[in-house]
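Undergrad: Once you've had a glance at the structure underneath, I'll fire off some questions.
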Amino acid sequence: MGGKKGEASYPPPKQVKDCPECGTALQKCLIQQNYAFVMCPNDKCAYPFNQRENIQNLVYVDDGEVIDTATQRLSKG
Ligand SMILES: [Zn+2]
């Protein structure tokens with residue numbers, strides 16, 4: 001019995017990057033319990049809706065991050 005454990009072998013979750021159009025940090029907008037759509041919060045920028053190609057901006061969000069996002073939204077107003 002010499003199994004290795006403790007090392008995470010799966011890749012890290014996708015990180016939200018900056019908007020390729022305007023450089024604003026992209027935000028995740030929850031559309032379902034565990035799925036968020038990544039979009040640019042900048043009013044003057046329509047990313048990703050201005051993309052010709054249908055890009056994959058749907059990301060899986062785990063419960064911890066859902067709470068995080070909800071908290072951010074609450075504290076924003
Ligand atoms: Zn943008």
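The values are calculated or read from the model by the stated rules, or taken from the named source; none is laboratory data. No experiment lies behind these values; they were computed from the predicted model shown. Reconstructed Cβ throughout: ideal geometry from the backbone, glycine too, with neighbour counts over all protein chains shown.
Undergrad: Among residues belonging to region 5-42 that are aliphatic (A, V, I, L, M) and in a loop (DSSP other than H, G, I, E, B), point out the one that is modelled with the lowest pLDDT.
TA: Residue satisfying both the conditions and the ranking: Ala8.
Undergrad: Name the single residue that is farthest from the ligand (Cβ to nearest atom) among those in region 37-54 being farther than 15 Å from Thr24 by Cβ and surrounded by 11 or more Cβ atoms within 10 Å (Cβ to Cβ).
TA: Out of the qualifying residues, it is Phe37.
Undergrad: Pairs under 9 Å by beta carbon, first residue modelled with pLDDT of 70 or more in region 49-77, partner basic (Lys, Arg) and surrounded by 13 or more Cβ atoms within 10 Å (Cβ to Cβ), six or more apart or different chains?
TA: Going by the 9 Å Cβ cut-off, the qualifying pairs are Val59/Lys28; Val61/Lys28; Glu65/Lys28.
Undergrad: Right, something else. All but one of (1) away from the ligand (no atom under 16 Å from the Cβ); (2) part of a loop (DSSP other than H, G, I, E, B); (3) modelled with pLDDT of 75 or more hold for Gly2; state the number of the condition that does not hold.
TA: Answer for Gly2: the failing condition is (3).
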